1. Among (1) outside the structural domain of A:Asp172 (by TED's automatic domain parsing); (2) more than 16 Å from ligand 2 (Cβ to nearest atom); (3) under 21 Å from A:Pro106 (Cα atoms), which single condition is A:Met1 missing?
2. Do the conditions hold for A:Phe13, that is, is it part of a strand (DSSP E or B), free of Cβ contacts under 8 Å to residues at least 40 places away in the same chain, within 16 Å of ligand 1 (Cβ to nearest atom) and open to solvent by 70 Å² or more (accessible area, probe 1.4 Å)?
3. Could you tell me which of the residues B:Phe177, B:Phe159, B:Phe136 is at pLDDT below 95, surrounded by fewer than 17 Cβ atoms within 10 Å (Cβ to Cβ) and either closer than 15 Å to B:Leu44 by Cβ or not small (Gly, Ala, Ser) (or both)?
4. Open to solvent by less than 60 Å² (accessible area, probe 1.4 Å) and either out of contact with any Asp or Glu (no Cβ under 6 Å at 6 or more places or on another chain) or within 25 Å of B:His139 (Cβ to Cβ) (or both): which single residue out of B:Leu52, B:Leu96, B:Leu83 fits that description?
5. Determine which single condition B:Arg61 fails, assuming it passes every other condition in (1) closer than 23 Å to B:Met107 by Cα; (2) more than 16 Å from ligand 1 (Cβ to nearest atom); (3) open to solvent by 80 Å² or more (accessible area, probe 1.4 Å).
6. Taking the condition among the aromatic types (Phe, Trp, Tyr) and in contact (Cβ under 8 Å) with a residue 60 or more places away in the chain, does A:Phe71 pass?
7. From B:Pro45, B:Pro60, B:Pro68, which residue is modelled with pLDDT of 95 or more, over 12 Å from the mean Cα position of the chain (by Cα) and more than 9 Å from chain A (Cβ to nearest Cβ)?
8. From the residues in the range B:17-34 that are in a loop (DSSP other than H, G, I, E, B) and within 16 Å of ligand 2 (Cβ to nearest atom), which one is least open to solvent (accessible area, probe 1.4 Å)?
Number of protein chains: 2
Amino acid sequence: MKYCSHCATELEFRIPAGDNRQRFICPACDTIFYQNPRIVAGTLPVFENKILLCRRAIEPRKGFWTLPAGFMENGESTEEAALRETMEEAGAQVELVSLFSAVTVPMIDQVHIFFLASMPTADFSAGEESLEVALFDEHSIPWRELAFPTVSQTLRRYFANPSPTQPTHVFDIRPPFADAF
Amino acid sequence: MKYCSHCATELEFRIPAGDNRQRFICPACDTIFYQNPRIVAGTLPVFENKILLCRRAIEPRKGFWTLPAGFMENGESTEEAALRETMEEAGAQVELVSLFSAVTVPMIDQVHIFFLASMPTADFSAGEESLEVALFDEHSIPWRELAFPTVSQTLRRYFANPSPTQPTHVFDIRPPFADAF
Ligand SMILES: [Zn+2]
Ligand SMILES: [Zn+2]
């Protein structure tokens, strides 16, 4: 971030009046450019005690398995984002049950949220960002080939207690476990 | 958003290859500028069945009451953001219990998350962004003077069921109820 996106003036990086953090500030139009974490929304889709996973067709972690998830867009709700990503990546129409996990990865300024979801039927298909999509029971999950620690930690917590009526699991991923991103 | 923040070239607004939404794109350095919702993190602090509220000293909704909350910053977790805002706005050191609500306001591209929190003592004080801070029981809550529907809806759901071991309340606020923001 070097120039003002409103007026193209070169930015300063300093603490604004009344603030306590350095921000990018435009000396010409006085705009302060705040930078905030982004939300990745997805689902933990369940069909008859099996979990739907996608093998990634894109970087990062191409070839590794993940839960369907992606960046939440402006104008949509967390639920809409999770349902959209599940349809786009796994071709699956799921029903959201509850918010299962909310995992911050401070090193990359992301918050990953996963909704527990039920699959009415075993219909799914690989979207453009997936090489393949498949159902796995607890013992067949490819634990060593999972893409991200947010996914593996969410799956471990789910198998430890698959109840749909528990408080959301809130935790964060710190180095060295954030290396995968 | 008019100019590239990397190279100051005037931006185009079009759908990038392989995407399905219009984005701001730099024709000189090919940077795509994604815009995503921001997280507002806060707490629902409880001391002996009373809730801690702050009367806002700043716009929007100056003079109205709110739960302590503010924008999550890069580099921190959702929990750290909620604790920091509670200290900054209400001068209260709380203990997080569970994630009580996650409320999207699509009209302004924000997701408000509130942790249920316990106050070990009744110590609190108004921070710079608060005119006053006070404890209210259910019947003394200033319902008509609450700042935001994310706050009033979170409080209503809490009094309907104050259990700390329930799934997070996930919902969204749509017009006309988003007018307050
Ligand atoms: Zn400017
Ligand atoms: Zn550029």
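The values are calculated or read from the model by the stated rules, or taken from the named source; none is laboratory data. A quick note: this is a predicted structure, and the numbers were derived from the prediction, not measured. Reconstructed Cβ throughout: ideal geometry from the backbone, glycine too, with neighbour counts over all protein chains shown. Calculation scope for accessible area: heavy atoms of the full protein, side chains included, ligands and nucleic acids excluded. Shrake-Rupley method; radii C 1.70, N 1.55, O 1.52, S 1.80 Å.
1. Result: A:Met1 passes all but (2).
2. yes
3. When all the criteria are applied, what remains is B:Phe177.
4. B:Leu52
5. Answer for B:Arg61: the failing condition is (3).
6. No, not satisfied.
7. B:Pro45
8. Taking the candidates together, the pick is B:Cys26.
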